[in-house]
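Trainee: Could you have a look at this structure, given as structure tokens, before my questions?
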Amino acid sequence: MSETVIKLNNISLDYPKHKHILSLLLNKIKEKHQTFSALRDINLEIKKGEIIGIIGNNGCGKSTLLRIIAGIIPPNEGECLVAGKISLLAGLGTGFSNHQTGRENAMLYGSILGYSESQMTKIMPLIIEFSGLQEFIEEPLRTYSAGMKARLGLAVASAIEPEILLIDEVLGVGDPNFKEKSTNRIMEMVNDAGTVVIVSHSFGMLSNVCDRIVLMEKGKIYSVGDPKEVIKQYYQLDKW
Amino acid sequence: MQDHSNNSELKPIGQRSSSWKAPFSNIFVIKENRFLMKNMVGSTVRGRYRNSMLGYLWSVLEPLLLSLVYYFLFNMLAGNPDRLYGVWVLIGVIIWSTFGRTVTGTISSLSSNKGIINLIYFPRVIFPVSLMFSNIILSLMSCIVIFPILFAYGVEPTVYLLYIPLAVFASGFLGIGIGMIFAPLNCIQKDVEHLFRFIVRAGFFFSPVMWTYEMALARGTFSGALLSLNPMVTPITLARHGFAGHSTTLPIFSLVYCFSFAVIMWIFGSMVFNRYERQAVKYL
């Protein structure tokens, strides 16, 4: 039951400071690396079925950590071990193009998220129903309002059934009605998925659903533990 | 991502095959992600002439108008060359633009897909490859214009017309290999993109677009030898021979040279791309 599904071993990540080919070459010659470190010595083990929240100030490396777990950027040191199918829920509707219809965009977004053609045709009616777009689905996306785009994005993204779900601040899009619907849907996903890692600033929600919370500070893990405890620590940290 | 194996073993995330295997593993990746590629190609093709009244007609009009300009320019400078000169330029423009668009598009394929790259991982070789296929499809659409021209000039369509799509494919394939070598570098600094836009423009004049292979040969052996170093000579000339309806008179050497040049570029490009793409993405 309590097998580890995500294991981070001494993860460190540096971002290049200068965006110059010349300075890159100079660094190679001088063997000096002008970088700033985004993550330092991150060690974390997440068990199957756990719901983990990550909190911290802006720029402390929360989203970067999720991106490493999702395999988007490789760490400079250490390794990230993962068991199972992973899905990162962030920036709904990435890759949407205005000149295509809602249906075409849903197809594209779905395939970006890793659906097969047969899966996609199967879930298409569900997507149309959940997004509430009805006949608008055949209209080009440029005629959509921002809320409609968000609804379509969430409808596609939430149709996945990953073993590990990573969520990066996607809660609360659209009008109040849809906000409730979307929060419910994400909560459903959280409950269905085996393991969940959520990055969020809504502490109320986090303390309700999370088993453990990770507090990050300047690229390091400050503490891990009971949600209420860690949130308390966050406010103490802020006073510094 | 397409991995549906249900084992719960801990595996390192984002492990790639070694650079040596990249040229082959990339082909496998393309096969695996056909559905994604289909949607991406569809999006690019539909997007190229969006919001225009004439729509896809532009894929025909664009090379047609351009060759019209060159036709008059050449007539003014060098007198009336060849009865079919206008057609030769048109074919040259279509084939060259396939190559040019694929090179520049591949180079900026990582930087222009920044949004998707930062939010989800899938093998990034899909970006340049789907771009290449979009360019090939758009060029094949341009080629439709060749049929009415065949009639206008009273040229019998022959089986050699198949040289034309072959040339489109070859020039796209040449372009992607070269582009993939520089795509990671372009994430760090956009100068690469600007430089190559210039190179493509200059290459236009050094390739037989406004002139033909036969014209260069008539100038003597030196220009003939120089010509054989440009891999783009083969596809353009091949397409023209296809229109004329005879087997190609290009020496075997040119065909082999062009083919091996493209394959070597693909191998080298894949290796560089797969090796540096992940580090380069940090700069986006």
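Trainee: Which of the numbered conditions does A:Ser111 fail, given that it passes all the others? Conditions: (1) more than 12 Å from chain B (Cβ to nearest Cβ); (2) crowded, with 21+ Cβ neighbours inside 10 Å; (3) without any contact (Cβ under 8 Å) to a residue 40 or more places away in the chain.
Mentor: (1)
Trainee: Let me ask something additional. Considering every residue within the range A:141-150, establish whether at least one is in a helix (DSSP H, G or I), within 12 Å of another protein chain (Cβ to nearest Cβ) and over 22 Å from the mean Cα position of the chain (by Cα).
Mentor: The answer is yes, given that some residue of the range A:141-150 is in a helix (DSSP H, G or I), within 12 Å of another protein chain (Cβ to nearest Cβ) and over 22 Å from the mean Cα position of the chain (by Cα).
Trainee: Right, something else. Select from the range B:249-282 the residues that are of a type in the set (Ser, Thr, Tyr) and surrounded by fewer than 19 Cβ atoms within 10 Å (Cβ to Cβ) and write down the one among them that is farthest from B:Thr102 (Cα to Cα).
Mentor: B:Thr249
Trainee: Here's another thing I want to ask about it. Please go through the range B:232-284 and pick out each residue that is in contact with a Leu (Cβ under 9 Å, 6 or more places away or on another chain), within 14 Å of chain A (Cβ to nearest Cβ) and of a type outside the set (Val, Ile, Thr).
Mentor: Passing the criteria: B:Tyr276, B:Glu277, B:Ala280, B:Lys282, B:Leu284.
Trainee: So which residues in the range A:208-233 are in a helix (DSSP H, G or I), in contact (Cβ under 8 Å) with a residue 24 or more places away in the chain and farther than 17 Å from A:Asn57 by Cα?
Mentor: A:Val209
Conditions tested, residue by residue: (1) of a type in the set (Phe, Trp, Tyr); (2) surrounded by 20 or more Cβ atoms within 10 Å (Cβ to Cβ); (3) farther than 19 Å from A:Gly153 by Cα.
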| site | (1), (2), (3) |
| --- | --- |
| A:Ile164 | no, yes, yes |
| A:Asn177 | no, no, no |
| A:Lys181 | no, no, no |
| A:Ile186 | no, yes, no |
| A:Asp192 | no, no, yes |
| A:Ile198 | no, yes, no |
| A:Val209 | no, no, yes |
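Trainee: While we're looking at this one, here's another question. Of (1) in a helix (DSSP H, G or I); (2) within 12 Å of chain B (Cβ to nearest Cβ), A:Leu65 satisfies all except one. Which?
Mentor: (2)
Trainee: Quick check on A:Ala38: is it surrounded by 16 or more Cβ atoms within 10 Å (Cβ to Cβ), small (Gly, Ala, Ser), over 30 Å from A:Tyr115 (Cβ atoms) and modelled with pLDDT of 85 or more?
Mentor: Answer is yes for this residue.
Trainee: Given the criterion without any contact (Cβ under 8 Å) to a residue 24 or more places away in the chain, within 26 Å of B:Ala216 (Cα to Cα) and of a type in the set (S, T, N, Q), identify the matching residue among B:Thr249, B:Thr234.
Mentor: Just one listed residue meets the conditions, B:Thr249.
Trainee: Can we say A:Gly84 is more than 7 Å from chain B (Cβ to nearest Cβ) and either among the charged types (D, E, K, R) or closer than 27 Å to B:Leu10 by Cα (or both)?
Mentor: Spelling it out, it is not the case that A:Gly84 is more than 7 Å from chain B (Cβ to nearest Cβ) and either among the charged types (D, E, K, R) or closer than 27 Å to B:Leu10 by Cα (or both).
Trainee: While we're looking at this one, here's another question. Those residues that are under 19 Å from B:Asn274 (Cα atoms) and under 19 Å from the mean Cα position of the chain (by Cα), I need them from the range B:114-146; list them, please.
Mentor: B:Arg124, B:Val125, B:Ile126, B:Phe127, B:Pro128, B:Val129, B:Ser130, B:Leu131, B:Met132
Trainee: Among the residues of the range A:69-81, are any more than 8 Å from chain B (Cβ to nearest Cβ), in a strand (DSSP E or B) and either crowded, with 19+ Cβ neighbours inside 10 Å or not small (Gly, Ala, Ser) (or both)?
Mentor: There is at least one residue in the range A:69-81 that is more than 8 Å from chain B (Cβ to nearest Cβ), in a strand (DSSP E or B) and either crowded, with 19+ Cβ neighbours inside 10 Å or not small (Gly, Ala, Ser) (or both).
Trainee: Let me ask you something else. Output the number of the condition that A:Lys19 fails; it satisfies all remaining conditions of (1) surrounded by 17 or more Cβ atoms within 10 Å (Cβ to Cβ); (2) modelled with pLDDT under 80; (3) assigned to a loop (DSSP other than H, G, I, E, B).
Mentor: (1) is the only condition that A:Lys19 fails.
Trainee: OK, next. Return the pair list, or none, for Cβ contacts closer than 7 Å from residues in the range B:213-225 that are under 16 Å from B:Trp88 (Cβ atoms) to residues that are surrounded by 12 or more Cβ atoms within 10 Å (Cβ to Cβ) and at pLDDT 85 or above, at least 6 apart or on different chains.
Mentor: If the second residue must be surrounded by 12 or more Cβ atoms within 10 Å (Cβ to Cβ) and at pLDDT 85 or above, the pairs left are B:Tyr213/B:Val233; B:Tyr213/B:Thr237; B:Ala216/B:Pro208.
Trainee: Among B:Ser25, B:Ser43, which is surrounded by 13 or more Cβ atoms within 10 Å (Cβ to Cβ), at pLDDT 85 or above and touching a Leu at 6+ places or on another chain (Cβ under 9 Å)?
Mentor: Among B:Ser25, B:Ser43, only B:Ser43 is surrounded by 13 or more Cβ atoms within 10 Å (Cβ to Cβ), at pLDDT 85 or above and touching a Leu at 6+ places or on another chain (Cβ under 9 Å).
Trainee: Enumerate the helices (runs of 4 or more DSSP H) found wholly within the range B:202-284, keeping only those where 3 or more residues are under 30 Å from B:Ala152 (Cβ atoms) and at pLDDT below 90.
Mentor: Answer list for the range B:202-284: B:213-218.
Trainee: Among B:Leu90, B:Leu77, which is the only one that is surrounded by 23 or more Cβ atoms within 10 Å (Cβ to Cβ), in a helix (DSSP H, G or I), hydrophobic (A, V, I, L, M, F, W, C) and more than 14 Å from chain A (Cβ to nearest Cβ)?
Mentor: So the residue among B:Leu90, B:Leu77 that is surrounded by 23 or more Cβ atoms within 10 Å (Cβ to Cβ), in a helix (DSSP H, G or I), hydrophobic (A, V, I, L, M, F, W, C) and more than 14 Å from chain A (Cβ to nearest Cβ) is B:Leu90.
Trainee: In the range A:64-79, what residues are under 9 Å from B:Ile13 (Cα atoms), β-branched (Val, Ile, Thr) and over 10 Å from the mean Cα position of the chain (by Cα)?
Mentor: A:Ile68
The values are calculated or read from the model by the stated rules, or taken from the named source; none is laboratory data. Bear in mind the structure is a predicted one, so any value in this text is a computation, not a measurement. Positions of Cβ are backbone-derived with ideal geometry, glycine not excepted, and every protein chain shown enters the neighbour counts.
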